[in-house]
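The values are calculated or read from the model by the stated rules, or taken from the named source; none is laboratory data. All of these numbers come straight from a predicted model, not from anything done at the bench. Cβ sites come from the backbone with ideal geometry, for glycine too, and all protein chains shown count toward neighbours.
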Amino acid sequence: MQRFIIRRLLLLIPLLIGVTLVAFVISRWVPSDPVNAALGQNAVGDEELVAAFRKKWGLDKPPYIQYITYVTKLVQGDMGISIATHRPVIDDLGRYLPATIELGTVAMIMAVLVGVPFGIISAIRRNSFLDQVSRVISLIGVSAPVFWLALVGLYIFYGELGWLPGPGRLAIGVDPPPSVTNLYTVDALLVGNFSLFLDALYHLILPGIVLAAFSMGLITRITRSSMLETVDQDYVRTARSKGLKESVIIYRHTFRNALIPTITVLGLSYGNLLTGAVLTETIFSWPGIGQYAFKAAVSLDFPAIMGVTMLIAFVFIFVNLLVDISYVFLDPRLREG
Amino acid sequence: MQSTTRSGLSDRGKIKAAALTGPQMRSKRSNFEAIRYFLRRNQLVTIGIIIIVFWIFITLAAHFIAPFEPLQQNLVDRLHAPNSTYLFGTDQLGRDVLSRMMYGGRISLPAAIVVVIVAGIVGTLVGSIAGFVGGTIEEIFMRTTDVFMAFPTIILAMAIAAALGPSIGNAVIALSIVWWPNYARVVRGLVLSIKENEYVTASRAIGATEPRVLRRVVLPNAIAPVLVLATLDLGNAILVFAGLSFLGLGPEPSTPEWGRMVADGLAFFDQWWISAFPGLAIFTIVMAFNFVGDGLRDALDPRLRRQI
């Protein structure tokens, strides 16, 4: 078990070097010339200015020294200055991240709470009416464009029926709770303001469902198929012939074994979720890093969007590290080997 | 013997027929029958194929069947609800939504196909070499795959758009960079199991070189799952392209493109038809690719469900 975890942690080293290296290459060579990008077209003719700029930012040094400087800065949290907001990118990320964490967590919870039971029921009542319904819903989830779902959802539940609130994190005119975590639901509870908590939660429902749709579909599909694969195994037949209760067979013998692919997909779909956040947040005026990334892309703010890219890559690596480590607890064979 | 009795051929006739048709003819016919049997049992695949063919036809024939010019503005008729002249209504500039919708797949469909083909080829090469050769090369290849897997598709595409300017070409490049790792992972897994087969040992025993074993013996057996993955993936690639152009990071604003058209409707919330119909187009074609991909995967090998 320890060896497995240590090996997995050691793998982080090449992974992090690789990710920073790719990001370094993209940020050095993709904007055809950083000097041009930073100083503007007119200053490029001024050779003295260009030389001074190159010296100041270390662009006259060999690439590997530049890379080391880049990584050193990154470790210190220096991701450059946003061209649009004139603030350090890391500060901007800190400001916008909580809203995304709140929305993403709610979406992930919804996706798991709906997707896993749907997948299980679908598999044990194969070809029943419930199975058909859950298959259709999961197919809609993985096929419908998230931005379109958002618009249709807003049109029906906000515009026509008025059941759910419109865009934004709180009702218009309502002040946010005193900032502690910047997760409005948590902060509202911390100061004991229950109606504010409900308002924040109310505003999370529609964007949460829209963002969850794709992952929910994915989780339902993978749970169903891995359950179907496990119910045919010999040990399930053995359990049944021992006369165990059906619920024990399903949860202890089938579901636990079907869980590993589901957890894997969960980790991988976290990336999808953050990608979906760009579209969802843009439509729901949700002040998270998705909207920040969108604004940065539209205003050609390269340092800002590269900051978001790196942040999401790191989150993805971290989440998948947790997923891999969770295998140890799910699969006893890994504990020994 | 039985089949000849049933077909009523004499012994001589049987020999003659066998000589005429030969084994090839028979296998072709049974292939055709197998496909028919498969389609009858998997109606969703049939429906999916019909939808895909429908959209490809509409997209290719848009010039001939669209009732109006997709770019033609008619400000007098702006924001009309669906009616007998404009079946799907008009947008904020009085352009016919139906006509624009017919042209709307001309960018994202080919772009998605290019990305999937590039990713499929690169991923298959990386994955098969890693799985076949093993050792240090496998480690290096697969760790590189992990690195590219960590980058978020749409956001990296946005970063490239921010650096090089938004265009479909740049979006295709950006997405190809991050799209291949999935294929590399699946193909490596397949190659690892294929290379244990006895026919691989046999081909080595008769003196085939390693590259030849990989190319002629191992890879052909990995192609079918890759095609299934690509079919399922086409839907995803269309979704991502539609998302990029919805955000304004794809083609020019006035271009009739499905994602772009949905974005046009954003400012005209009560005129639901502006965004509802193009959104429906994306939805149906992505769903169709999922129908076909699912059906093929289940038919191919149920055990692949885990991998793909």
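Answer yes or no: is there a residue in the range B:89-97 that is more than 24 Å from B:Thr284 (Cβ to Cβ) and modelled with pLDDT of 90 or more. No; the residues of the range B:89-97 include none that is more than 24 Å from B:Thr284 (Cβ to Cβ) and modelled with pLDDT of 90 or more. For a quick check of your reading of the model, give me the residue pairs whose first member lies in the range A:167-192 and is more than 15 Å from A:Gly288 (Cα to Cα) and assigned to a loop (DSSP other than H, G, I, E, B), whose second is of a type in the set (Gly, Ala, Ser) and modelled with pLDDT of 85 or more, with beta-carbon atoms closer than 7 Å and at least 6 apart or on different chains. Listed pairs, sorted by first residue: A:Pro177/A:Ala188.
With respect to B:Arg106, is the statement that it is of a type in the set (Lys, Arg), closer than 23 Å to B:Leu239 by Cβ and part of a helix (DSSP H, G or I) true? For B:Arg106, the condition - of a type in the set (Lys, Arg), closer than 23 Å to B:Leu239 by Cβ and part of a helix (DSSP H, G or I) - is met.
When the range A:64-89 is filtered for residues that are over 13 Å from A:Tyr292 (Cβ atoms) and out of contact with any Ser or Thr (no Cβ under 9 Å at 6 or more places or on another chain), the ones remaining, listed by number, are A:Tyr64, A:Ile65, A:Gln66, A:Ile68, A:Thr69, A:Thr72, A:Lys73, A:Val75, A:Gln76, A:Gly77, A:Ile81, A:His86.
Among the residues of the range A:25-62, those identified as at pLDDT 65 or above and within 12 Å of another protein chain (Cβ to nearest Cβ) are A:Val25, A:Ile26, A:Ser27, A:Arg28, A:Trp29. The criterion of being modelled with pLDDT of 90 or more, surrounded by 21 or more Cβ atoms within 10 Å (Cβ to Cβ), within 22 Å of the chain's Cα centre (by Cα) and closer than 19 Å to A:Ile140 by Cα does not hold for B:Leu280. Quick check on the range B:131-147. Is at least one of its residues in contact (Cβ under 8 Å) with a residue 60 or more places away in the chain, farther than 23 Å from B:Gly250 by Cα, of a type in the set (Gly, Ala, Ser) and within 14 Å of another protein chain (Cβ to nearest Cβ)? No, the range B:131-147 contains no residue that is in contact (Cβ under 8 Å) with a residue 60 or more places away in the chain, farther than 23 Å from B:Gly250 by Cα, of a type in the set (Gly, Ala, Ser) and within 14 Å of another protein chain (Cβ to nearest Cβ). So which residues in the range B:62-88 are touching a residue at least 24 places away in the same chain (Cβ under 8 Å) and either crowded, with 21+ Cβ neighbours inside 10 Å or of a type in the set (A, V, I, L, M, F, W, C) (or both), if there are any at all? Listed by number, the residues that qualify are B:Ala62, B:Ile65, B:Ala66, B:Phe68, B:Pro70, B:Leu71, B:Leu79, B:Ala81, B:Phe88. A count restricted to the range B:150-161 and to residues that are under 14 Å from A:Ala23 (Cα atoms), at the interface with chain A (Cβ under 7 Å from one of its Cβ atoms), in contact (Cβ under 8 Å) with a residue 12 or more places away in the chain and assigned to a helix (DSSP H, G or I) stands at 5.
Determine if the range A:122-132 includes at least one residue that is within 14 Å of another protein chain (Cβ to nearest Cβ), touching a Lys or Arg at 6+ places or on another chain (Cβ under 6 Å) and of a type in the set (A, V, I, L, M, F, W, C). Checking the range A:122-132: at least one residue is within 14 Å of another protein chain (Cβ to nearest Cβ), touching a Lys or Arg at 6+ places or on another chain (Cβ under 6 Å) and of a type in the set (A, V, I, L, M, F, W, C). Which of the residues belonging to the range A:227-266 are over 20 Å from A:Ser122 (Cα atoms) and surrounded by fewer than 18 Cβ atoms within 10 Å (Cβ to Cβ)? Selection gives A:Asp234, A:Tyr235, A:Thr238, A:Ser241, A:Lys242, A:Gly243, A:Leu244.
The condition (being buried (at least 19 other Cβ atoms within 10 Å of the Cβ) and under 30 Å from A:Gly94 (Cα atoms)) is satisfied by just one residue among A:Gly141, A:Gly153, A:Gly168: A:Gly153.
Answer yes or no: is there a residue in the range B:285-303 that is surrounded by fewer than 19 Cβ atoms within 10 Å (Cβ to Cβ), in a loop (DSSP other than H, G, I, E, B) and either more than 10 Å from chain A (Cβ to nearest Cβ) or modelled with pLDDT under 85 (or both).
yes
Here is a yes/no grid of residues against (1) part of a helix (DSSP H, G or I); (2) within 14 Å of chain A (Cβ to nearest Cβ); (3) within 16 Å of B:Val122 (Cβ to Cβ); (4) modelled with pLDDT of 90 or more:
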{"position": "B:Ala163", "(1), (2), (3), (4)": "yes, yes, no, no"}
{"position": "B:Val217", "(1), (2), (3), (4)": "yes, no, no, no"}
{"position": "B:Pro220", "(1), (2), (3), (4)": "yes, no, no, no"}
{"position": "B:Ala237", "(1), (2), (3), (4)": "yes, yes, yes, yes"}
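Restricting attention to the range B:165-188, the residues being among the aromatic types (Phe, Trp, Tyr), away from chain A (no Cβ under 13 Å) and in a helix (DSSP H, G or I) number 1.
The conditions of being modelled with pLDDT of 90 or more and more than 13 Å from every other protein chain (Cβ to nearest Cβ) are met by B:Ile113.
Given the options A:Ile120, A:Ile65, name the one that is on the phi < 0 side of the Ramachandran plot, surrounded by 16 or more Cβ atoms within 10 Å (Cβ to Cβ) and either assigned to a helix (DSSP H, G or I) or touching a residue at least 40 places away in the same chain (Cβ under 8 Å) (or both).
A:Ile120
Among the residues of the range B:239-269, the ones that are surrounded by fewer than 22 Cβ atoms within 10 Å (Cβ to Cβ), within 17 Å of B:Gly94 (Cβ to Cβ) and either of a type in the set (Lys, Arg) or within 10 Å of chain A (Cβ to nearest Cβ) (or both) come to 0 in all. The helices (runs of 4 or more DSSP H) located wholly in the range A:223-333 that include 3 or more residues which are more than 13 Å from chain B (Cβ to nearest Cβ) and free of Cβ contacts under 8 Å to residues at least 12 places away in the same chain occupy A:234-241. Out of curiosity, is B:Gly123 under 27 Å from the mean Cα position of the chain (by Cα), closer than 30 Å to A:Gly307 by Cβ and more than 14 Å from chain A (Cβ to nearest Cβ)? Yes: the conditions hold for B:Gly123. Checked against the criterion of being part of a helix (DSSP H, G or I) and crowded, with 22+ Cβ neighbours inside 10 Å, the range B:134-143 has no qualifying residue. Is it fair to say B:Val262 is in contact with a Pro (Cβ under 9 Å, 6 or more places away or on another chain) and either modelled with pLDDT of 90 or more or part of a helix (DSSP H, G or I) (or both)? Yes. The test for being under 18 Å from A:Gly104 (Cβ atoms), at pLDDT 85 or above, within 16 Å of the chain's Cα centre (by Cα) and β-branched (Val, Ile, Thr) holds for A:Ile312. I'd like to know if the range B:74-81 contains one or more residues that are of a type in the set (Val, Ile, Thr) and either in contact with a Cys (Cβ under 7 Å, 6 or more places away or on another chain) or closer than 30 Å to B:Arg216 by Cβ (or both). The answer is no, given that none of the residues of the range B:74-81 is of a type in the set (Val, Ile, Thr) and either in contact with a Cys (Cβ under 7 Å, 6 or more places away or on another chain) or closer than 30 Å to B:Arg216 by Cβ (or both). Taken as a whole, the structure places A:Thr85 among residues that are part of a loop (DSSP other than H, G, I, E, B), β-branched (Val, Ile, Thr) and closer than 20 Å to A:Ala304 by Cα. As a summary of the residue check, A:Trp148 satisfies the conditions (1) without any contact (Cβ under 8 Å) to a residue 40 or more places away in the chain; (2) within 14 Å of chain B (Cβ to nearest Cβ); (3) more than 15 Å from A:Phe214 (Cα to Cα) except for the one numbered (3).
Of all residues in the range A:201-224, those that are surrounded by fewer than 24 Cβ atoms within 10 Å (Cβ to Cβ) and small (Gly, Ala, Ser) total 1. Can you spot a residue in the range A:94-101 that is touching a residue at least 60 places away in the same chain (Cβ under 8 Å) and on the phi > 0 side of the Ramachandran plot? The answer is no; no qualifying residue exists.
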